[in-house]
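Inspection log for the structure reproduced underneath, given as structure tokens.
Computed from the coordinates by the stated procedures, all read-outs in this text should not be read as laboratory data. No experiment lies behind these values; they were computed from the predicted model shown. Here the Cβ is made from the backbone with ideal geometry for all residues, glycine too, and neighbour counts use every protein chain on show.
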Amino acid sequence: MAELPEVEIFVRDLCALVVGRRIESARVLFPAVMRFPEPESFAALLAGRRMEDANRRAKHILCALSGGVTLAMHMMLHGTLRLMPAGTEPDPQTLLVIALEGGEDLWLRDRKGFARVAAGPTEEVAARLRLAELGPELIDPAFTARDLAARLSGRRGVLKTALVDQKIVAGLGIRDADESLWEARIDPRRVAGSLSAEELARLHGAARAVVAEGIAMRGTMPDLRGVRGRARQDRSIYMHDGEPCPRCGTPIARTRIGQALTFFCPVCQR
Ligand SMILES: [Zn+2]
């Protein structure tokens, strides 16, 4: 699943392998991949521009192109980026092909077809994707347990739902949120604003450690060269319902919170 660690690896690979190269052409194979502009305008907008930088905000991949244009890509749950030899015939999962100078094509693939792309003047892209509404980055070294407390303070919704809301804090997906709450021994069904300072400190540390481990192991998906990351696809409890909790042996429970499948230990997560 493309959660934050996987997206961060795509960004690092783009910086290492694509930044500095010129885009020769862009070919949209699946028109619905385009948030904006239309596929024909998109191809005309990208052709000839150089990729000058690649960054990430929440799970948005933001590529700065020459001339003040940003190419934004969102992998949703299953999208991947891959560098292929120029002219390789795209498979049916390929939504977009960006031909780069230097004899390689950048493919955006998604077996579900949910990944989305946008491009335009940088400020317009930021405004239309509402990047200013996103919360602080969980893995920013400056993001403290006190900041997490302030973001959750007074919230009456369910904790798990708040943690995966990128407008509150940017960084946790449904998998990493479950693992973080298990590590911190906190019940995902709690009211978001009900955590004690000590619980918030545990959760802050656990969440940052879970995401940092995912990044250090290069995520769970294939990278731009097709090499799969070594992070555990299913860590301790996500998708382990019915199996013994690694800490106390109680069968892991599975429930739905909002739209999200949620896994937790009904005994040692309080
Ligand atoms: Zn347990």
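Residue 46 sits among other residues whose Cβ lies under 11 Å from its own Cβ, and their net charge, with Lys and Arg +1 and Asp and Glu -1, is +3.
A full extension of the chain between residue 261 and residue 247 corresponds to an added length of 2.9 nm, given 0.36 nm per residue minus the alpha carbon distance. Stretched out straight at 0.36 nm per residue, the stretch from residue 254 to residue 112 would grow longer than its current Cα-Cα span by 48.7 nm. How many angstrom lie between the Cα centre of segment 154-181 and the Cα centre of segment 119-146? So the two Cα centres are separated by 16 Å. Here each label is just a point 7 Å from Cα along the line to Cβ, and for residue 27 and residue 78 those points are 2.3 nm apart.
Given their separation in residues at 0.36 nm each and the Cα-Cα distance between them, residue 50 and residue 142 gain 29.9 nm when the chain is fully extended.
Label-to-label distance for residue 127 and residue 209 is 4.4 nm, based on points extended 7 Å past Cα in the beta-carbon direction.
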